[in-house]
Structure formats: C-alpha cells, structure tokens
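One structure below.
Each value in this text was obtained by applying a stated rule to the coordinates, not by laboratory testing. Because the structure is predicted, anything quoted here is derived from the model rather than measured. For neighbour counting, all protein chains shown are included, and Cβ atoms are generated from backbone atoms with ideal geometry for every residue, glycine included.
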Amino acid sequence: LPLTRVHLKATLIDKHTYTHPSISSRVDFSCSQLPQAYNKVPIQGTLAKATKKRSRPAHRLTMADPATEVKEPARLPSPTHHVIVKLETIHVSLPDIDTGSMTHDVIGYEYTRPSDVGVAAARVWPASVLITTTVPINKETLGEAPYLKCIITETTGTNHVDLEECRRRGITVMYSPHATVEAVSEHALSLYFSTRRRLITLHNTMMDHDDAHTNPWRAKGSMSSLLLDAEGRPPHTCGNEVAGMIGYGPIGQRVAKMCRALGMEVLVAARKDAESSASSSGAVSGVATPASDVQSNSTVPRTPFTQVLRRATTLFLIVPLTPETQNLISERELALMRPDAVIINVGRGGTVDEAALLSALKAGKIAGAATDVFEVEPAGSGKDSVLLGEEARGVNLTLTPHLAWCADQTRVNIRRVVGENLRRFVSGDKGGNVVLDMR
C-alpha cells in the first residue's frame with residue numbers, strides 16, 4: 001500500500017496513523033492517494049483537503065494502542081502472496097512461517113478483546129490466513145474478511161469458531177490437537193489435590209489474622225475441622241479414591257494413567273446417550289469432529305454413565321462443548337453423586353450447569369469442585385458466573401482462569417502444530433488437522 005502523509009491534530013506522521021471510530025474529534029487528512037480497497041465503507045470522521053476524496057472503512061481507523069491498534073500489511077493478499085494475522089500472541093508467539101514459493105506478510109497482536117468486535121473485524125480484514133486462540137470467530141468478528149481463506153485455531157476445541165459461517169464463506173478451519181495433553185493433565189491433578197485437601201480454604205484461614213487477633217490455628221490449636229466434609233469425614237487418600245473419567249481422549253487417558261499410578265481405581269464412563277449420533281446432533285454439514293475430542297476407541301472397558309456418577313469419589317470432566325455435552329452434569333446428575341465426591345472440570349465451560357453445581361456445594365450434596373473453564377469467558381464477576389458470586393464464598397471450590405494449557409512444552413507444541421497446519425494449507429496438502437475443508 002502507498003504511504004500516505006497524514007495530518008492528525010497538527011502532527012505530521014509519515015505513515016498511516018488512524019483514530020478509533022469512537023473518537024469524535026475532527027480528523028484532517030492530506031492524502032496523495034487512498035487505496036481503492038478502502039472505498040467500501042464510509043469514514044467515521046471528517047476527511048478534508050484530500051487530493052482524491054475517497055471513503056475508507058471505519059474499522060480501519062484506530063489509535064496506536066495495543067487494545068485498538070490495527071496494523072497494515074505491506075501488500076494485500078493475492079494468488080502469490082499471503083497475509084497471516086495472529087490475533088493473540090500473548091498466549092503463544094508466532095510460529096516459524098513457511099509459505100513455500102509464495103511471499104507473505106505476518107501481522108501479530110498481543111491480544112484482541114473478544115468484546116471489541118469492531119477492532120477484531122478490522123484486524124481480520126486484510127488476512128488470508130487467520131491464527132486465533134480464544135477470540136470468538138463469527139459473522140461479526142469476521143466482518144467483510146474479503147481475502148480470508150483459512151482459520152487456524154491454537155486450541156483443541158473449536159466451539160469458539162462459527163463453522164457454519166465459515167462453510168458459507170468457503171473458509172477452511174484447522175485446529176491444534178494434542179498440544180496441551182501434558183499440561184492439562186497435570187493441572188487436572190493439581191485441581192484434584194487442591195479440592196480434596198481444601199488448600200484454598202486452609203490458606204485463606206491461615207491468612208485471617210491482624211494485630212487484634214490470631215488465626216484459628218493459634219487460637220484453637222488445630223484447624224483439622226476445616227478438612228472435614230458435611231458429614232464430618234476427613235479427606236480420602238488416593239488409594240481410597242474412585243476416579244470417574246468422563247471423556248477419554250488423549251487428555252482423559254493421561255489423567256487416568258496418572259490416577260492409576262497414584263493408586264486410584266479408575267472407571268471410564270460410556271457415553272451418556274450412546275444411541276445419539278452425529279445426524280441428530282445439529283452438527284454442521286461437512287464438518288469433521290476433531291479426532292482428539294472423540295471418545296477413544298481403545299479397549300478399556302466402559303462403565304455405564306450413571307454408575308460412574310454413583311460410584312466415583314472424584315469425577316474428571318474432559319469433554320468438548322457440543323449439543324450432547326451441554327449441561328452434561330446438572331441437577332439430576334449431581335443428585336446421583338456421593339456426598340464425598342469432588343468434580344474436576346478441565347474440558348469446556350457449559351458442560352457443567354454452574355448454578356446447579358453451586359447449589360449442590362452449598363447443600364453439601366458433594367464435597368467440592370474445581371473448574372478451569374466457565375460458561376462465559378473471560379469470567380470477570382458474578383455477572384458472568386455464579387461461581388464468582390458472593391454466594392460461592394465459603395464453599396469448597398477451586399477456580400482457575402482457563403490456564404490449564406499453559407506450560408513450556410505446550411507453547412513448543414502449539415508453535416509446531418500451527419506452523420505445520422499453515423504449511424499444509426498453503427501447499428494444498430489435504431492431510432493434517434482439518435475440521436472444515438473448503439479448499
């Protein structure tokens with residue numbers, strides 16, 4: 001794109017500098033030329049003294065702020081040139097880029113707020129390949145996206161990508177399986193120990209002191225009562241645990257292996273509705289379910305779903321969010337569980353009914369729960385999740401902000417998988433981690 005001399009509040013800048021559409025002050029441009037591609041959407045602001053008075057997309061106007069900045073490629077996409085845009089480098093840095101004989105530009109943003117749809121659409125606009133992690137990809141965030149041919153998500157789950165909209169637009173979608181297996185498995189065990197041993201409660205109670213009074217340990221000589229459940233029982237040791245596995249993909253299998261090594265009995269749950277099929281699931285036509293999300297076809301015996309609920313002292317949920325798994329654990333399922341049971345969710349938000357879970361915790365129907373995932377993410381207050389509300393204070397609950405994946409090896413894995421996905425897409429290789437192939 002040609003450089004344009006821009007006068008912004010009497011300041012001369014020798015490259016494109018734009019103001020966010022929410023800024024209402026006058027903007028004067030002295031332009032030698034505006035690219036024809038910018039004629040599609042009228043400018044929000046006043047365009048003055050231009051050599052050629054042309055409109056440009058309002059979503060292309062942004063301040064040089066990490067939250068709202070919109071960068072431009074040196075060239076727009078063409079049959080021999082790709083523009084690769086990564087919406088969130090805060091999680092994992094850009095992979096090594098190999099586009100073969102084609103040239104490419106790479107644009108990276110530290111983060112993109114899911115709530116700022118206009119900025120997201122502006123950042124997507126010049127991309128032929130989009131790399132995302134948590135930003136919802138839907139009709140609004142895609143905007144016009146006139147060049148977009150491929151979306152690569154750095155996640156195993158794809159519920160944040162509107163696959164039907166991508167199919168309608170002819171956009172291929174690829175995912176990143178197996179990259180988080182080690183980290184999520186270890187985080188699941190961390191949440192188990194934290195919940196079973198009530199570490200959050202013990203820590204907070206230890207810190208409950210000031211100049212006027214000591215903590216209960218000093219005052220009473222012991223805090224062992226804090227470890228007792230509603231029926232006055234102390235926590236189980238691993239040898240007395242029955243671990244129920246709901247979801248037995250690569251992560252579920254690794255968690256099960258670790259549980260067995262700790263001395264736990266492991267039950268692998270059969271599907272809740274074994275007779276359900278993809279044809280009745282509301283799945284998008286032509287969309288493949290990611291292999292790592294499918295319950296493994298291994299020969300490990302399956303236990304009926306309700307039996308697992310009745311027997312498990314620790315229930316691990318490691319399933320994607322689909323129509324079949326929406327509120328998989330709700331009031332009815334919680335009523336079947338043992339009062340000494342704890343629930344650990346490292347799968348996806350929405351698979352556990354959060355309101356029903358909180359009610360069960362408050363009533364002492366289960367002994368505790370931990371989750372790394374929420375129905376609404378990012379979850380910032382009780383408005384987003386009842387588990388963050390005032391009513392949740394005092395129950396045996398451990399919360400982490402969807403960071404089970406975060407580890408050094410995860411970053412290495414994701415960069416490798418995303419780089420390989422990109423190479424395969426550009427080369428036309430039909431193999432790889434394709435969820436929706438529109439090539």
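Take TRP217, TRP405 and order them by how many other Cβ atoms sit within 10 Å, fewest up front. Don't jump to the answer; show the numbers that get you there.
Values: TRP217 16, TRP405 24.
By the 10 Å Cβ count, ascending: TRP217, TRP405.
Output the pairs from LYS139/LYS272; LYS86/LYS149; LYS257/LYS362; LYS86/LYS383; LYS86/LYS139 with a Cα-Cα distance over 22 Å in this structure; if there are none, say none. Mind showing how you got there, number by number?
Working: LYS139/LYS272 32 Å; LYS86/LYS149 14 Å; LYS257/LYS362 32 Å; LYS86/LYS383 30 Å; LYS86/LYS139 18 Å.
In this structure, LYS139/LYS272; LYS257/LYS362; LYS86/LYS383 lie more than 22 Å apart at Cα.
Please work out how much length the chain gains when fully extended from THR80 to ALA363, using 0.36 nm per residue of separation minus the C-alpha to C-alpha distance, in nm with one decimal.
On the way: separation 283, 0.36 × 283 = 101.88 nm, distance 6.29 nm.
Answer, rounded to one decimal: 95.6 nm.
Expected output is a single nm value to one decimal: the length gained when fully extending between GLU165 and SER225, i.e. 0.36 nm times separation in residues minus the C-alpha distance. What is it?
Details: separation 60, 0.36 × 60 = 21.60 nm, distance 5.40 nm.
Roughly 16.2 nm would be gained on extension.
Cα centroids of segment 119-166 and segment 187-240: how far apart, whole angstrom?
44
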